[in-house]
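Here the structure is laid out as structure tokens; the discussion comes afterwards.
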Amino acid sequence: MVITYQTFVVRTPRHTILVDTCTGEDKGHPPPFDFPGKERWRNELFALGIAYDKVDYVFCTHLHIDHTGWNTTLRDGRWVPTLPEREIRVSQRGVCGLGSGARARANPPGTVFRDNCLPRRGSRPGASGG
């Protein structure tokens, strides 16, 4: 099976929007959900002339591993936002698909929500974020 992980870039005259943030790195997911190549996603964005400070919004179509992974990056043993000053939006259907566990701050599925969505201030891997 061949799986592709993609981020789409939408540029308007006023905004640069990332649609989904691929799989991320350092998440500990087994293949094929581990992102091969350190910092490849970031480097490819930079090669397109898209620096983090040029991104206005991130839109996650839904909250699965392969759509939210680069929302956060592991820095000094803590999950921190990759684009800390950017607004991340998720469709209501994408959030509702997680069920009541997400609202109760559980970790469905696995640690995806905890590692990719909660750490707005920085959380340790394996700890509850927020």
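When the residues of segment 1-28 are narrowed to those that are of a type in the set (A, V, I, L, M, F, W, C), in contact (Cβ under 8 Å) with a residue 24 or more places away in the chain and outside any loop (DSSP other than H, G, I, E, B), which ends up surrounded by the most Cβ atoms within 10 Å (Cβ to Cβ)?
L18
Out of the residues in segment 29-78 that are modelled with pLDDT under 85, touching a helix residue (DSSP H, G or I) at 6+ places or on another chain (Cβ under 6 Å) and of a type in the set (F, W, Y), state the one that is surrounded by the fewest Cβ atoms within 10 Å (Cβ to Cβ).
Taking the candidates together, the pick is F33.
Report whether or not R86 is exposed (fewer than 11 other Cβ atoms within 10 Å of the Cβ) and modelled with pLDDT under 85.
So R86 does not fit the description; no.
Which of (1) at pLDDT 85 or above; (2) of a type in the set (A, V, I, L, M); (3) in contact with a Phe, Trp or Tyr (Cβ under 9 Å, 6 or more places away or on another chain) does V9 not meet, given it meets every other one?
(3)
The values are calculated or read from the model by the stated rules, or taken from the named source; none is laboratory data. None of these values were measured; they are calculated from a predicted model. We place every Cβ from the backbone using ideal geometry, glycine too, and count neighbours over all the protein chains shown.
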